[in-house]
Every structure is written in structure tokens, then in C-alpha cells.
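A short write-up of the structure that comes next.
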Ligand SMILES: Cc1ncc(C[n+]2csc(CCOP(=O)(O)OP(=O)(O)O)c2C)c(N)n1
Ligand code: SF4
Ligand code: SF4
Ligand code: SF4
Ligand SMILES: [Mg+2]
């Protein structure tokens, strides 16, 4: 069959998400943020909640997320997204509220807001993009940076004696009674993309059902900060990041 | 036996030439343009081996910039 006969509307099996804006995203080629944006856009559409969804964007590379996914947004000060999300949900409880935060935002400057919102069991979704680095500001060490990992502020590799241990904030959040669902996923293969989408959907459904706080960590790449090609960054992530940040559900309360 | 044939379209102006679709494709259907670039200077992806496509969506799923749409037909 000719290509022209295959490329017809009735044969379409995968389309770009409706809620994703046409404007080009500013992310570096191959950045995980783009894949995660697509999934968030798809889940909001599929759940039919676009009119009542409010995203809270971070400071970090995803600061302009509000330009890309066509729902309502509030831009928070660095690390304060969970506090803003608390207000957006408490003042108007029909809202479905999610934060979208990097590891610097969520587990460095915003640690207090993150832990207290989860401990209060706010009915929100926290999407945690863990690329083990401060991407936006030029690849500095983050709390999540691996031991031995080179960054612009740990040029000889992170050292425990000098810089402490990588912070697994998701593991801490799992221990809090306010969280109902805590999971760690990735988007480096087609199968993992599908799993992350299912995890996001579950998290949004928990927020709709007011079950408490859902945390979806996506172990991600920052190929620019890591100074690798996108392909190599995915390989490096699978080899090194998953050892410290293993994929899978950490908590899944069904009640 | 029914055979599956697929095809993809790449939004060439949106593509950033990251190569992730090329490595995700199980049938080596895709390549980056070796010489030609889009308006932003990226070597965009295209079907260099269109007969091989099985419409599995792997390329589209991993594309960070939502450039790829996938079509699939069953041929009896
Ligand atoms: C109050 C304040 N402190 C510091 C900064 C500088 N700053 C901007 S983004 C960022 C970290 C971003 O890292 P992360 O949250 O991991 O996001 P990524 O870019 O990696 O996605 C920092 C420290 C700032 N903008 N505001
Ligand atoms: S600096 Fe890193 S996190 Fe930021 S857009 Fe580039 S690859 Fe993505
Ligand atoms: S749909 Fe599947 S076979 Fe076709 S180009 Fe994409 S990854 Fe390759
Ligand atoms: S994954 Fe997307 S952006 Fe990257 S080369 Fe393929 S079509 Fe272009
Ligand atoms: Mg980061």
C-alpha cells in the first residue's frame, strides 16, 4: 500500500495531545520535560477535567510550562508550588490541582513546602521531575545529584564528606500519612512512557476523589547539564540513576 | 494472515533532531536528515525506510516535542 493511502485520518493511531499548544517548547533537544508535558496534557484531556484543572509551575526549566499545556496555571516562587497548590485547592475544592517541579525546586529550596503539604494530605498531585541537577541555571549540583556525579559545582564528582548523600525525598514522602500514592517512573522507553501515563492518571484520579497527596516522581535526564547526547543521557540514567532511584510504586493505598 | 503496515508524519519545523525516535524505532524506519535542516537549524527526522514501518507508535511516545503522528492499516 502507498504511504499516501496509509496517511489518512481514519488510520490515525497516535496524534499530538490536543491540550499541547502549537508553540515550540524551549527545552533542549531530547529533554525529558517535553515527554512529561505530553503525558500531563493527555491525562487532563482524557479525564475531561480541563475546565477545572490548575497547574502550578516551578522555578527551573519548566517555569514556562504554562505556555505549553492549555489549562489554568499559577506560577509559584521557587519551591513554593505545594503551598500555592494548597490554596488553589482549598479555596475552590472542585479544582484539580497539580504541581510540576524539578528536584532543585522540590527537594532543595522547597523541601519544607513539599513535606508539609504532603503531611497535611492536601488533595493535590505533585509531579517531581528528578534529573539530579539544576538544569536551568547551568548544571549545578542538586540534593539529588549522585555520588561521584560531575556537575558545574562538583567538577570532580559529588563527595559524601563534602556534600552529603543524595536526598531521596520521594522515600520520605512515602512515610507520611498524608500521601496516598507515591510512585517513581521514567520516560526513556516507549513502555516506560506508557507506565508513567498510567501513574499520572491514577494520581489525578486520587486528587479528584480527594484521597490525599499523590507524588509521581519521574527519573529524568538533563542531557545539556550532564553534557551528553540525549541518547547517551538515557543510557546513563538507566545505568546509574535507577540504582539510587529504583522505579516502581513506593506506596499505593487503595482505600 | 493480516499484515500491518504503518506510516508516520514528522512535524519538521517542530523537530529538534534529538534522535530519540530513531533509536526507539524497532524497525529502523527513521533517520535524521543528513544535510537538510529546518528553519531553526535542526536535522529533522524522516522516514528513510518507509516500507519497514509497523505503526507501533514507539517513536511518537518518546518524542519530547510531539512531532510525530502515526497511522496504521491492516492489509488482508
Ligand atoms: C529564590 C531563588 N533562588 C535561586 C534561584 C535560581 N534558580 C533558578 S532555577 C534553580 C534550580 C532549578 O533546578 P530544578 O528545580 O532541578 O529544575 P530543572 O531546571 O533541573 O528542571 C535555581 C537554583 C531562583 N530563581 N530563585
Ligand atoms: S537544561 Fe536540562 S532540564 Fe533544562 S531544558 Fe535543557 S536538558 Fe532539559
Ligand atoms: S511507528 Fe513504530 S515502526 Fe513506525 S517509525 Fe515509529 S517506531 Fe518505527
Ligand atoms: S524524537 Fe521528535 S524531536 Fe527528536 S528527532 Fe524525533 S521527531 Fe525530532
Ligand atoms: Mg533538576
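General observations
- Residue check, residue A:195 under 22 Å from residue B:20 (Cα atoms), surrounded by fewer than 19 Cβ atoms within 10 Å (Cβ to Cβ) and away from every other protein chain (no Cβ under 14 Å): no
- Residue ID - nearest to residue B:39 (Cα to Cα), chosen from residues in the stretch A:24-58 that are within 9 Å of another protein chain (Cβ to nearest Cβ) and part of a loop (DSSP other than H, G, I, E, B): A:24
- Residues in the stretch A:129-165 that are assigned to a loop (DSSP other than H, G, I, E, B), within 15 Å of ligand 1 (Cβ to nearest atom) and farther than 15 Å from residue A:105 by Cα: A:146, A:149, A:152, A:153.
- The numbered conditions (1) closer than 17 Å to residue A:193 by Cβ; (2) touching a helix residue (DSSP H, G or I) at 6+ places or on another chain (Cβ under 8 Å); (3) assigned to a helix (DSSP H, G or I); (4) within 13 Å of another protein chain (Cβ to nearest Cβ) are all true for residue A:62 except (1).
- Among the strands (runs of 3 or more DSSP E) confined to chain B, the ones with at least 3 residues that are within 8 Å of chain A (Cβ to nearest Cβ) and either surrounded by fewer than 16 Cβ atoms within 10 Å (Cβ to Cβ) or touching a residue at least 12 places away in the same chain (Cβ under 8 Å) (or both) are located at B:3-10, B:68-75.
- Residue A:171 being over 17 Å from residue A:100 (Cα atoms), loosely packed, with under 15 Cβ neighbours inside 10 Å and within 17 Å of the chain's Cα centre (by Cα): yes
- Residues of the stretch A:108-121 that turn out to be crowded, with 24+ Cβ neighbours inside 10 Å and closer than 15 Å to residue A:179 by Cβ, as a count: 3
Read the figures in this text as sums done on the coordinates, not as results from a lab. Given the structure is predicted, the values throughout are model-derived calculations rather than measurements. All Cβ positions, glycine included, derive from the backbone under ideal geometry; neighbour counts span all protein chains shown.
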